[in-house]
1. Anything in the stretch 191-217 that is assigned to a helix (DSSP H, G or I) and over 22 Å from I43 (Cβ atoms)? List them, or say none.
2. In the stretch 49-94, which residues are among the small types (G, A, S), in a loop (DSSP other than H, G, I, E, B) and open to solvent by 10 Å² or more (accessible area, probe 1.4 Å)?
3. Can you go through W175, W199 and tell me which one is of a type in the set (A, V, I, L, M, F, W, C), within 21 Å of the chain's Cα centre (by Cα), closer than 30 Å to G148 by Cβ and open to solvent by 30 Å² or more (accessible area, probe 1.4 Å)?
4. Where residues in the stretch 144-159 are part of a strand (DSSP E or B) and open to solvent by 40 Å² or more (accessible area, probe 1.4 Å), which of them is farthest from G92 (Cα to Cα)?
5. Considering only residues that are of a type in the set (F, W, Y) and under 15 Å from the mean Cα position of the chain (by Cα), which ones fall in the stretch 31-80?
6. Conditions: (1) hydrophobic (A, V, I, L, M, F, W, C); (2) open to solvent by less than 60 Å² (accessible area, probe 1.4 Å); (3) not in a strand (DSSP E or B). V220 meets all but one. Number of the miss?
7. Do we find that K249 is in a helix (DSSP H, G or I) and either closer than 17 Å to P85 by Cα or open to solvent by 60 Å² or more (accessible area, probe 1.4 Å) (or both) in this structure?
8. If the requirement is being over 19 Å from M200 (Cα atoms) and either in a loop (DSSP other than H, G, I, E, B) or touching a Ser or Thr at 6+ places or on another chain (Cβ under 9 Å) (or both), which of these qualifies: A112, A141?
Amino acid sequence: MIEWLETNHAGAFCASTSIERNDRKYHGLLVCPISGLEGRYHILSAVDASVMDGSGLTLGTNRYPGTEYPESFRFIEKTEFMPWPSWVYRRGKTAVRKDIFMRKNEAAVWLAYTIEDGPDEAELDLKFLFTYRNCHELTKANDQINCGIKTDSEGLWFRPYSGLPGAVITFSGTWHHEGTIYWDYNACYEMEKERGHEWMEDRFVPGKITASVQKNIPLVIRVGISEAYGCKGGPGKEKMIAVCKAEKKSRLAEIGMPKEQNQILRKNESHYIIKNYSSSRT
């Protein structure tokens, strides 16, 4: 299975497989160092999406005991790794593009969903799967988690465990949230099983979230960490699409679009060099 890596050039990364199924405990959408704590922390595992237009199109795949759900890999029409990981999922007449990227020095991951074919507008049912653990460990359902969630016009914030920063989810478009944190059980990481390590974990979901996406206009989502509500650290809702477009333009100007695997590795080599808190490079 092909694996991909995207980083913020400062120790944080996201990584998974070409079908968006996490096969390692290190795969995830936001894994980052946290000031004052040793190692990196695995914050966000995955984001699954369902297009609510009657097509039955889903994006994102998880492995559970004896099954995979949703089986979105069956709908992948195209996968690209430059200038960042992206997929086009198609079912029937509906096609949605999903992009994932990080920006330099931001403890955040960005996702963009764009309807490329099908309805002029649709609702996305979004399932954010969080872990909040040291990257070498696994999460199990527990009653120590704080289920409180705060919302405002731009997004939502919650702090599941004391001693760790909160998670902030912001949206470029219209969205709706209801419910509270609940557990999603028994995600399986086959490569950890093969290594003889623990290989099943429980992830938590911050309620039901739906967002509107329009044809040819990306719905941009930023998931980051923050110590306090109101300290989002992002560009603001009205600027998120512009940031996404500017980041892509900058990368294409810098690295172009290589065609061969060795060229892709050479163009992406900067992601393997990071700057520590001491400002030294490693």
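1. Step one: list which residues in the stretch 191-217 are assigned to a helix (DSSP H, G or I), which gives 191-194.
Passing the criteria: K193, E194.
2. Our first condition is that a residue be among the small types (G, A, S); within the stretch 49-94, this holds for 49-50, 54-56, 60, 66, 72, 86, 92.
In the following step, the residues that additionally are in a loop (DSSP other than H, G, I, E, B) were identified as 54-56, 60, 66, 92.
Correct list: G54, S55, G56, G66, G92.
3. On the way: W199 fails: closer than 30 Å to G148 by Cβ.
None of the others qualify; the one that does is W175.
4. If we take residues in the stretch 144-159 being part of a strand (DSSP E or B) and open to solvent by 40 Å² or more (accessible area, probe 1.4 Å), then K150 is farthest from G92 (Cα to Cα).
5. Taking the stretch 31-80 first, the residues of a type in the set (F, W, Y) are 41, 64, 69, 73, 75.
Once the filter is applied, which keeps residues that are of a type in the set (F, W, Y) and under 15 Å from the mean Cα position of the chain (by Cα), the stretch 31-80 yields only Y41.
6. (3) is the only condition that V220 fails.
7. Details: in a helix (DSSP H, G or I): yes; either closer than 17 Å to P85 by Cα or open to solvent by 60 Å² or more (accessible area, probe 1.4 Å) (or both): yes.
So K249 passes the test.
8. Values: A141 fails: over 19 Å from M200 (Cα atoms).
Residue meeting the stated conditions: A112.
The values are calculated or read from the model by the stated rules, or taken from the named source; none is laboratory data. Because the structure is predicted, anything quoted here is derived from the model rather than measured. Cβ: placed from backbone, ideal geometry, glycine included. Neighbour counts: every protein chain shown. Please note that ligands, DNA and RNA were not included when accessible areas were found on the heavy atoms of the full protein model with its side chains. Shrake-Rupley method; radii C 1.70, N 1.55, O 1.52, S 1.80 Å.
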